[in-house]
Amino acid sequence: MTFRISVLDRSPARRGRGSAQALRDTVAFARDIEALGYHRFWVSEHHSVPGVAGSAPTVLAAAVASVTSRIRVGTGGVMLPNHRPLVVAEQFGVLESLFPGRIDLGLGRSVGFTDGVRQALGQGREAAEDFGGQVRELLAFFRGDQTAYPGVHAIPAEGLSLPTFLLATGSGADLAAELGLPLVIAPARGERAMVEAIRRYRDTFAGAGTEPHVVVSTSVAVADTREQARRLLVPEAWSTVYSRSHGVFPPLSPVDEILALPKTDRERSRLDDIVASQIGSTPAEVTDRLGELVEATGADELLVSTSTYDQAARVESFTALAELAGLSVSA
C-alpha cells in the first residue's frame, strides 16, 4: 500500500469512563498513532451528543499537537456554519503559529442535529446554505484581502498558509473543486455515489498550480480472524443503530454486552449492515479490500475513523494496519 493513511478520532465516550476521560484517551491515542507512523491525526466537532466528547476541535487539536512532534494535527472538521470565519481564522492562526507546518484545517457544513442545539449555537438550518460564502470569507482572512469588513485583519492568521480541506458527501465535492481545495469524502450515500462525486471533483477541479487531492474516510479493523475484527466494529456500530432508534448516541459499551442485548429485527439488521459496510477482517483480506477501495476511488489518502470500547484492542488494530501499510514505527 503506497498511499498515505491518517486517523480521525471523534473522542467517543466509553461507558463508565465519562467525557473527560474520553478527551484524555484521544490525546493518549494520538501519541500512539504518531509512534506508529501515520500521516495525520484529526479530531471532530459534535455538540450535545452524550456519547461524543469532542465538542471543541481547535482546543483539542492544540492539546494533541502539544504532546506530539511529527504528525500533522487537524480537524475533521470544524463545522463552519456554527462559527464566524474571522474567529476560525484567528484560532487556526494561533495553532499554526504555535505548531508551524503541522496544522490542517478541515471544514464541514453541518449545523446542529436538533432545533435545540441550533438555537444554542445561534444558528438555523439555513446557516449551512451559504457554506461556500463562509469558506471564501475564511480563506480571504488568511490571504489578507477580504473586503467585507474594512480594516479588519485576522491576526495572527493573515499571511499564513496551511492546508484547508473540505468535508463533503455530494455537492460539497463540487465546491471543493471550484475552490481548488483537497476533498475529504466518505461513502455516506453509498460507494457508487461517492465515486461519482470524486469523478466530478477531479473533472472540474479549478485549483491554480495545485492538483486534486482525495481523502477517503472509512472504518478499518484488523485482527487475526474476521470474527475478531468484526467484534471491534460492533460497539460504535451499535451506538449508531441505537441513535437512529432512540435519538441518542450512547457511550460505547463492551461488545459481549451489546451482543446479548434484546434487539428488534430492524436493529439487528441495521447492526449487521453497518458492520458489513466497514472493512474488518484478517490482514490479507483488509489489504485486498483497501486496494479495491483505492482503485475504485483513486484516493490519494485514507482517513481511518475506527473506534471501539477496548482502547488496547483498537491500538492493536491500528498497529496491524500500520504494519500492512509499511509505516515507519518509531521506538
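The values are calculated or read from the model by the stated rules, or taken from the named source; none is laboratory data. These figures come from a predicted structure and were not determined experimentally. Every residue, glycine as well, gets a Cβ built from its backbone with ideal geometry; the counts of neighbours run over all protein chains shown. Side chains included, ligands, DNA and RNA excluded: accessible areas come from the protein's heavy atoms. Shrake-Rupley method; radii C 1.70, N 1.55, O 1.52, S 1.80 Å.
What are the residues in region 77-89 that are open to solvent by 10 Å² or more (accessible area, probe 1.4 Å) and either among the basic types (Lys, Arg) or touching a residue at least 40 places away in the same chain (Cβ under 8 Å) (or both), if any? Asn82, Arg84, Leu86, listed by residue number. Only residues that are farther than 18 Å from Thr75 by Cβ, assigned to a loop (DSSP other than H, G, I, E, B), open to solvent by 30 Å² or more (accessible area, probe 1.4 Å) and touching a residue at least 24 places away in the same chain (Cβ under 8 Å) were counted across region 172-194, and they come to 1. The residue that is most open to solvent (accessible area, probe 1.4 Å), counting only those in region 140-156 that are of a type outside the set (Gly, Ala, Ser) and not in a loop (DSSP other than H, G, I, E, B), is Arg143.
Residue-by-condition table, conditions (1) crowded, with 19+ Cβ neighbours inside 10 Å; (2) at positive phi; (3) touching a strand residue (DSSP E or B) at 6+ places or on another chain (Cβ under 6 Å); (4) assigned to a helix (DSSP H, G or I):
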| residue | (1), (2), (3), (4) |
| --- | --- |
| Arg268 | no, no, no, yes |
| Leu271 | yes, no, no, yes |
| Ala284 | no, no, no, yes |
| Ser307 | yes, no, yes, no |
| Ala313 | no, no, no, yes |
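When region 128-139 is filtered for residues that are out of contact with any helix residue (DSSP H, G or I) (no Cβ under 7 Å at 6 or more places or on another chain), more than 14 Å from Leu105 (Cβ to Cβ) and open to solvent by less than 60 Å² (accessible area, probe 1.4 Å), only Gly133 remains. In region 17-31 there is at least one residue that is more than 19 Å from the chain's Cα centre (by Cα), modelled with pLDDT under 95 and open to solvent by 50 Å² or more (accessible area, probe 1.4 Å).
Consider Glu96 carefully, then state whether it is within 30 Å of Ala30 (Cα to Cα), surrounded by 14 or more Cβ atoms within 10 Å (Cβ to Cβ) and of a type in the set (D, E, K, R). Full working, then the answer.
Working: within 30 Å of Ala30 (Cα to Cα): yes; surrounded by 14 or more Cβ atoms within 10 Å (Cβ to Cβ): yes; of a type in the set (D, E, K, R): yes.
Taking the combined requirement at face value, the residue satisfies it.
If you filter region 220-269 down to residues that are among the charged types (D, E, K, R) and without any contact (Cβ under 8 Å) to a residue 24 or more places away in the chain, you find that the one that is nearest to Thr282 (Cα to Cα) is Glu227. For the residues Leu327, Leu303, the requirement of being within 18 Å of Val215 (Cβ to Cβ), crowded, with 17+ Cβ neighbours inside 10 Å and modelled with pLDDT under 95 singles out Leu327.
Given the structure, is Val88 of a type in the set (Val, Ile, Thr) and modelled with pLDDT under 95? Talk me through it step by step, then tell me what you get.
Numbers: of a type in the set (Val, Ile, Thr): yes; modelled with pLDDT under 95: no.
Spelling it out, it is not the case that Val88 is of a type in the set (Val, Ile, Thr) and modelled with pLDDT under 95.
So which residues in region 222-271 are hydroxyl-bearing (Ser, Thr, Tyr) and closer than 24 Å to Gln21 by Cα?
Within region 222-271, the first condition is being hydroxyl-bearing (Ser, Thr, Tyr), and the residues that meet it are 225, 239-240, 242-243, 245, 253, 264, 269.
Passing the criteria: Ser239, Thr240, Tyr242, Ser243, Ser253.
Of all residues in region 241-266, count the ones that are surrounded by fewer than 14 Cβ atoms within 10 Å (Cβ to Cβ) and at negative phi. Qualifying residue count for the region: 13. Residue count for region 32-61 under the criterion of being open to solvent by less than 40 Å² (accessible area, probe 1.4 Å), more than 20 Å from Ile71 (Cα to Cα) and either without any contact (Cβ under 8 Å) to a residue 24 or more places away in the chain or among the basic types (Lys, Arg) (or both): the result is 0. Can you pull out the residues in region 195-219 that are under 25 Å from Ala284 (Cβ atoms) and in a helix (DSSP H, G or I)? Selection gives Val195 alone.
When Val67 is tested against (1) touching a helix residue (DSSP H, G or I) at 6+ places or on another chain (Cβ under 9 Å); (2) under 30 Å from Leu36 (Cβ atoms); (3) open to solvent by less than 50 Å² (accessible area, probe 1.4 Å), only condition (3) is not met. So, in region 200-227, exactly how many residues are touching a helix residue (DSSP H, G or I) at 6+ places or on another chain (Cβ under 9 Å) and not aliphatic (A, V, I, L, M)? Here the count works out to 12. Could you give me the residue pairs with C-beta distances under 6 Å whose first residue belongs to region 146-161 and is farther than 20 Å from Gly106 by Cα, whose second residue is outside any loop (DSSP other than H, G, I, E, B) and open to solvent by less than 70 Å² (accessible area, probe 1.4 Å) wherever it lies, and which are 6+ apart or on separate chains? Short answer, once both residue conditions are applied: Gln146/Ala140.
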